[in-house]
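These notes are about the structure you will find just below.
Derivation of every value follows stated rules applied to the coordinates shown; laboratory data play no part. Being a predicted model, the structure only gives us computed values, none of them experimental. Every residue, glycine as well, gets a Cβ built from its backbone with ideal geometry; the counts of neighbours run over all protein chains shown.
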Amino acid sequence: MKLLRGDGPPLRVGHRGAAALAPENSLAAIEAALREGVDAVEFDVLGDGDGLVLAHSHHDLDGDRASLDDALALIASSSAGAHVDLKRRGHEAGIADALRRHGLLERSVVSSLDAAALRDVRRHEPRLRVGLSYPEDRLGVAGYRAAAPALAVGLAALKRTLPIVLPRWLDRAGASAAMLHHALVTPRVVARCHARGAGVWAWTVNDGATAARVAAAGADAIITDDPRILRRSTS
């Protein structure tokens with residue numbers, strides 16, 4: 001799986017499977033994303049008492065959760081790649097082992113907010129590529145329209161400094177990509193990442209206008225709850 005778009009359109013990445021089409025982080029959501037022909041499927045991984053499962057936070061661990069092995073088996077049966085978002089430290093070896101077991105090392109990227117976690121992933125499996133996520137949105141505030149004005153103010157400040165500090169952060173993490181909130185994706189930050197050979201993946205893009213903007217800025221991948229919007233917006 002490539003992390004850079006090259007001369008083509010941005011890669012289409014389903015967020016939490018395809019969260020607009022089926023319950024997030026479920027096998028049904030992954031199947032929905034694959035039916036839409038995505039280039040990769042993103043999902044969140046946590047550990048519970050029985051092993052590694054798909055979940056965004058520990059609040060989501062109640063009830064049955066899809067196992068990481070089941071999710072990877074589904075993706076391995078397709079031509080899509082796996083974007084594994086590691087939500088907590090301590091599971092780096094287990095994720096690397098699972099991707100190796102399913103033959104997905106070359107078709108995967110593991111992301112995290114934690115540079116140390118990404119270094120641990122690569123220590124367990126040097127062939128795995130990793131992506132540094134930014135900024136932290138642990139409570140999912142970016143998904144609430146009512147929070148948009150306050151969020152915009154905070155992101156505007158980050159946007160000014162990010163092209164300066166992000167290359168250092170990528171080097172520290174050994175990252176091959178930056179997974180950025182879409183408001184932070186600008187031509188300048190894309191150019192700084194590309195100068196280091198790192199891709200820029202924009203999250204979470206759920207409308208056509210935003211998809212078109214980040215594509216024009218040079219984003220290499222667009223992560224969306226609804227992959228159907230990308231058929232119209234970035235072709």
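When the test is whether a residue is crowded, with 21+ Cβ neighbours inside 10 Å and of a type in the set (D, E, K, R), Asp220 passes it. Looking at this structure, is Gly63 buried (at least 24 other Cβ atoms within 10 Å of the Cβ), at positive phi and either part of a helix (DSSP H, G or I) or of a type in the set (Gly, Ala, Ser) (or both)? No; evaluated as a whole, the condition is false for this residue.
Has region 40-49 got at least one residue that is surrounded by 14 or more Cβ atoms within 10 Å (Cβ to Cβ), in contact (Cβ under 8 Å) with a residue 12 or more places away in the chain and part of a loop (DSSP other than H, G, I, E, B)? Checking region 40-49: not a single residue is surrounded by 14 or more Cβ atoms within 10 Å (Cβ to Cβ), in contact (Cβ under 8 Å) with a residue 12 or more places away in the chain and part of a loop (DSSP other than H, G, I, E, B).
Which condition does Leu180 not pass, out of (1) in contact with a strand residue (DSSP E or B) (Cβ under 8 Å, 6 or more places away or on another chain); (2) surrounded by fewer than 17 Cβ atoms within 10 Å (Cβ to Cβ); (3) of a type outside the set (Asp, Glu), if it passes all the others? Only one criterion in (1) in contact with a strand residue (DSSP E or B) (Cβ under 8 Å, 6 or more places away or on another chain); (2) surrounded by fewer than 17 Cβ atoms within 10 Å (Cβ to Cβ); (3) of a type outside the set (Asp, Glu) is unmet by Leu180, namely (2). All of Ala212, Ala183, Ala216, Ala191 fail the test of being assigned to a helix (DSSP H, G or I), out of contact with any Pro (no Cβ under 6 Å at 6 or more places or on another chain), without any contact (Cβ under 8 Å) to a residue 12 or more places away in the chain and not acidic (Asp, Glu), apart from Ala216.
Across region 45-67, what is the number of residues that are touching a helix residue (DSSP H, G or I) at 6+ places or on another chain (Cβ under 6 Å) and over 17 Å from His15 (Cβ atoms)? Residues flagged as touching a helix residue (DSSP H, G or I) at 6+ places or on another chain (Cβ under 6 Å) and over 17 Å from His15 (Cβ atoms) within region 45-67 amount to 2. Might you check whether a residue that is crowded, with 18+ Cβ neighbours inside 10 Å, out of contact with any Phe, Trp or Tyr (no Cβ under 6 Å at 6 or more places or on another chain) and closer than 28 Å to Ile229 by Cβ occurs anywhere in region 91-99? For region 91-99, residues crowded, with 18+ Cβ neighbours inside 10 Å, out of contact with any Phe, Trp or Tyr (no Cβ under 6 Å at 6 or more places or on another chain) and closer than 28 Å to Ile229 by Cβ: absent. Among residues of region 1-18 being surrounded by fewer than 24 Cβ atoms within 10 Å (Cβ to Cβ) and more than 13 Å from the chain's Cα centre (by Cα), the one that is farthest from Leu46 (Cα to Cα) is Asp7.
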